[in-house]
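Working notes for the structure below.
Nothing in this text is a laboratory measurement; each read-out follows from the coordinates by a stated rule. Quick caveat, the model's predicted, so the values are computed rather than measured. Here Cβ is always computed from backbone atoms with ideal geometry, including for glycine, and neighbour counts include all displayed protein chains.
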Amino acid sequence: MKTIAFLYLGVAFSMVLIFVSLLLPLPQKTTETAGIPKTLAISTQPPELKVILTGDVMLGRTVETKSAEEGDYAYPFRRVGERLRDSDIVFINLENPIIEDCPPHADGFKFCASPKMLEGLVFSGVDIVNLANNHSGNYGQNGIEETQNHLRRKGIAATGLGELVILKREGTRFGFLGLDLTTRNLSDNDIELIRRSNTKVDVLILGVHWGVEYTQTPTDIQRTWAREIIQAGADVIAGHHPHWVQISEIIDGKPVYYSLGNFVFDQMWSEETKKGLLIQQIYEDKTLVKEKKSPIYMASWAQPHFIE
């Protein structure tokens, strides 16, 4: 009987403890400001987005011949591709059509390259090319359309044919346009296209083919056009065509790179045409917050490397 009595007493005591514990407040966890536990705190820092701009890229002539000799059609990009891939967007000026029946050629100014040469762009993570230049039409409209088709199959976008291309990264809309001003003036239609495009994107980047080849200084008309382009709504101008690196300047807070020189080309006959400038821009919260300029040099046939 004593055993049973003790058993009842133990059960009753346990029930009292449970009842009392329910009445007591729960212990408070250590928290950060705003009442968020440290382990659950969410960073409000906007992501960094990297955009890379390069000089002229021409994949034909001796560039393709050298790549074929090496047995590696990504050969021109082997020493720079890793840095390009470590970015969110890579934008280049493609200075030649991509066509199946590209005849072998070591000289001349009718450029083309075979689709095999796109391996280098894929290896380097190129996202978009500008076709607004004085060589994209070397094989006529059919050549332009074939180029677009080959690029599309590789997942590479193309601008410069009168249309805005938008690439979205982490909620930021980057817009790309291309203009070829080597044989004509900046027009009212160009300005209107820039204005319309500005309303559709957060950042508007223009690839502009202009200026005088093999010179170090932009012309007065280029600087006038640059101001008009920026005032119409462009956020960045990446210039090409001179094949020499030229000055850059800030207009209304926006960077203008008048010429980024060469990036991949077979113009090995002068020191200046072996040089180029790679621009890495960093964006946070849809705003350009910093940039890095990296000089490049082609010591070997059409294979650039960084000279930092």
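Overview of values
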{"quantity": "222 nm mean residue ellipticity, helices alone, for the chain (DSSP H n ≥ 4; -39,500 (n - 2.57); rounded to 500)", "calculated": "-8000 deg cm²/dmol"}
{"quantity": "Positive dipole terminus of the chain, leading residue within ILE237, SER124, LEU260 (C-beta point charges)", "calculated": "SER124"}
{"quantity": "Label-reachable residues, region 191-217, where backbone N falls under 18 Å from a point 7 Å from GLU249's Cα toward its Cβ", "calculated": "208-212, 215-217"}
{"quantity": "Spatially proximal lysines relative to LYS154 (Cα-Cα < 17 Å; intrachain offsets below 8 disregarded)", "calculated": "LYS116"}
{"quantity": "Trypsin sites (Lys or Arg not before Pro) lying in DSSP loop within region 124-218, provided at most 11 other Cβ fall within 10 Å", "calculated": "ARG184, LYS200"}
{"quantity": "Cα-centred dipole magnitude for region 245-292, charges only on beta-carbon of K, R (+1) and D, E (-1), debye, nearest 20", "calculated": "80 debye"}
{"quantity": "Dipole axis of the chain (+1 Lys, Arg; -1 Asp, Glu on Cβ), positive-most option in ALA158, PRO97, CYS112", "calculated": "ALA158"}
{"quantity": "Number of Lys pairs (Cα under 18 Å; 8 or more positions apart or on different chains) in region 165-289", "calculated": "4"}
{"quantity": "Answer label, with P(r) over Cα pairs in 20 Å bins from 0, in percent calculated from the coordinates and candidates [x] 31, 52, 16, 1; [y] 33, 58, 8; [z] 31, 45, 9, 7, 7, 1", "calculated": "[z]"}
{"quantity": "Tilt relative to the chain, helix 140-153 - C-alpha long axis, 0 to 90 degrees, to 10", "calculated": "20 degrees"}
{"quantity": "Simple label model, 7 Å out from Cα along Cβ direction - ASN185 to TYR214, nm", "calculated": "2.9 nm"}
{"quantity": "Cα-based helix-to-principal-axis angle, 2-23 vs the chain, degrees rounded to 10", "calculated": "40 degrees"}
{"quantity": "Ranked list, fewest to most other Cβ atoms within 10 Å of each Cβ, for TRP244, TRP269", "calculated": "TRP269, TRP244"}
{"quantity": "Cα centroid separation, region 241-308 to region 217-238 (Å)", "calculated": "17 Å"}
{"quantity": "Given charges at beta-carbon only (K, R positive; D, E negative), |dipole| of region 135-280 in Debye", "calculated": "500 debye"}
{"quantity": "Nonlocal amide H pairs with ALA158, under 5 Å, H built at 1.01 Å", "calculated": "VAL129"}
